[in-house]
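The values are calculated or read from the model by the stated rules, or taken from the named source; none is laboratory data. Keep in mind that this is a model prediction, so the values were computed, not measured. Methodologically, a virtual Cβ is constructed for each residue, glycine included, from the backbone with ideal geometry; neighbour enumeration extends over all protein chains shown.
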Amino acid sequence: MIDNFVANVIKFMETKIKKNDYLKYWRVIRYFVKAKYGLSTADLEVLLFLYSEKYFGKDSFEEFNRLLSWDEKRFDRLLRDGWIDVFRKRSGKYKTLYQLSYKGQRMVYSVYEKLNGEEISVSRTKNPLFAKKISFTDKIYCEMIKKMNEFIRQQRRRDAEE
């Protein structure tokens, strides 16, 4: 009876919980995205939050921004750098509405693709972490990206065999 229960718990964990193992390489993916797009961690977190908002006002942005490190120029910088677009300009009693730009949507979509098991490119032209002259920290992350990509390939092979 108890052995059957333990077997069922193990089966549940293998089938349900392991499928939701998205964040194993979150730190590596975050480091890659920050290096590739020149964003801070706080900027990335704001863009991840805004991804699910169709349209938002500056007040909604500021509400989430209060949770992050203080940067009074963050909104203007994200707007200037093309991460946020104006959807509707202020007109009479209607306030200005913003949306995540195409560039911002593609970047966040790319993050989700990586979390769902897409490999990170090791090409020098597509990944600034694999440039010729990089820091020691970048080298450590490069090695981890290679290991992560190998893990993803093994997972795909294992899934194909089943």
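The figures follow:
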item: Subset of the stretch 53-68 [touching a helix residue (DSSP H, G or I) at 6+ places or on another chain (Cβ under 9 Å) and surrounded by fewer than 17 Cβ atoms within 10 Å (Cβ to Cβ)]; result: 53, 58, 60, 62, 64, 67, 68
item: Count - residues of the stretch 66-120 that are in contact with a Lys or Arg (Cβ under 7 Å, 6 or more places away or on another chain), among the β-branched types (Val, Ile, Thr) and within 26 Å of residue 27 (Cβ to Cβ); result: 1
item: Failed condition for residue 15, given (1) in a helix (DSSP H, G or I); (2) modelled with pLDDT of 90 or more; result: (2)
item: Per-region count, the stretch 114-132, residues exposed (fewer than 12 other Cβ atoms within 10 Å of the Cβ) and of a type outside the set (Ser, Thr, Tyr); result: 4
item: Count - residues of the stretch 43-61 that are over 11 Å from residue 75 (Cα atoms) and among the aliphatic types (A, V, I, L, M); result: 3
item: Scan of the stretch 83-100 for residues that are under 13 Å from residue 50 (Cα atoms), free of Cβ contacts under 8 Å to residues at least 40 places away in the same chain and out of contact with any helix residue (DSSP H, G or I) (no Cβ under 9 Å at 6 or more places or on another chain), ordered by number; result: none
item: Residue within the stretch 121-134 that is closer than 30 Å to residue 59 by Cα, touching a residue at least 24 places away in the same chain (Cβ under 8 Å) and aliphatic (A, V, I, L, M) present; result: no
item: Which numbered condition residue 135 fails, given (1) under 17 Å from the mean Cα position of the chain (by Cα); (2) surrounded by fewer than 15 Cβ atoms within 10 Å (Cβ to Cβ); (3) among the polar types (S, T, N, Q); result: (1)
item: Unique residue being out of contact with any Pro (no Cβ under 9 Å at 6 or more places or on another chain), among the hydrophobic types (A, V, I, L, M, F, W, C), at pLDDT 95 or above and surrounded by fewer than 15 Cβ atoms within 10 Å (Cβ to Cβ) when the list is 86, 111; result: 86
item: Hits in the stretch 138-162 (condition: of a type in the set (D, E, K, R), part of a helix (DSSP H, G or I) and loosely packed, with under 15 Cβ neighbours inside 10 Å); result: 139, 143, 146, 147, 150, 153, 156, 157, 158, 159, 161
item: Residue in the stretch 21-78 that is farthest from residue 130 (Cα to Cα), counting only those that are more than 17 Å from the chain's Cα centre (by Cα) and of a type in the set (Asp, Glu); result: 59
